[in-house]
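Asks: Got a structure for you, written out below as C-alpha cells; questions coming shortly.
The values are calculated or read from the model by the stated rules, or taken from the named source; none is laboratory data. As the structure is a prediction and not an experimental result, all values here were calculated from the model. With ideal geometry, Cβ positions are generated from the backbone for all residues, glycine too; neighbour counts draw on all protein chains shown. Just the protein is used for accessible areas: all its heavy atoms, side chains included, with ligands, DNA and RNA removed. Shrake-Rupley method; radii C 1.70, N 1.55, O 1.52, S 1.80 Å.
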Amino acid sequence: VSLGWTYFYRKNRIVKASQPIFLGMVSIGVLFMAASMIPMTIDDDKYSEHAADAACMSKPWLVTIGFTTTFSALFVKTWRINRIFHNPSRFRRIKVTAR
C-alpha cells in the first residue's frame, strides 16, 4: 500500500522532498521484515519436516534483508543531509544526485 501511495504521489512537492526512491526502499525493507512472520506459522504437524526446516532457515534471511534495506535507505538519507551541511564552501548550492 505504501509503495503504491509513494508512486502515485511522487510528483507531490512534499513526497519529492522526502525522496521517493528512499521511501520505496524503506517500504520494501519493512515488507521483507513483515514477511518474516509467515514462516513462523509453518508447523511440523501440518507440513513435512523439510518444509519446516526451510521455513526456519528463511526467517533470519528475510529479517536481515529487510533490516539492511531499511537501514541503508535511512543511512543514505542521513549521509546526504550531512554532506549538504558540511560542505566546505559553506551553504553554497550543491546538487546531490541519486546515481
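Asks: Against the condition of a type in the set (Lys, Arg), exposed (fewer than 13 other Cβ atoms within 10 Å of the Cβ) and more than 23 Å from Val96 (Cα to Cα), how does Lys16 come out, does it pass?
Replies: Judged against the criteria, Lys16 is not a match.
Asks: Please count how many residues of region 35-68 are in a helix (DSSP H, G or I) and aromatic (Phe, Trp, Tyr).
Replies: Within region 35-68, residues that are in a helix (DSSP H, G or I) and aromatic (Phe, Trp, Tyr) number 2.
Asks: So in region 34-91, with the set limited to residues that are of a type in the set (Ser, Thr, Tyr) and surrounded by 11 or more Cβ atoms within 10 Å (Cβ to Cβ), which one is farthest from the chain's Cα centre (by Cα)?
Replies: Tyr47
Asks: For the structure I just gave you, tell me whether Phe22 is touching a residue at least 24 places away in the same chain (Cβ under 8 Å), outside any loop (DSSP other than H, G, I, E, B) and out of contact with any His (no Cβ under 6 Å at 6 or more places or on another chain). Show your work before the answer.
Replies: On the way: touching a residue at least 24 places away in the same chain (Cβ under 8 Å): yes; outside any loop (DSSP other than H, G, I, E, B): yes; out of contact with any His (no Cβ under 6 Å at 6 or more places or on another chain): yes.
Taking the combined requirement at face value, the residue satisfies it.
Asks: Give all pairs with beta carbons closer than 8 Å in which a residue from region 63-75 that is in contact (Cβ under 8 Å) with a residue 40 or more places away in the chain meets a residue that is loosely packed, with under 13 Cβ neighbours inside 10 Å and not in a helix (DSSP H, G or I); count only pairs at least 6 apart in sequence or on separate chains.
Replies: That search, which allows pairs on different chains as well, returns nothing.
Asks: Okay, moving on. For Ser2, all conditions in the list (1) over 22 Å from Thr97 (Cα atoms); (2) open to solvent by 80 Å² or more (accessible area, probe 1.4 Å) hold save one; what is the number of the exception?
Replies: For Ser2, the exception is condition (2).
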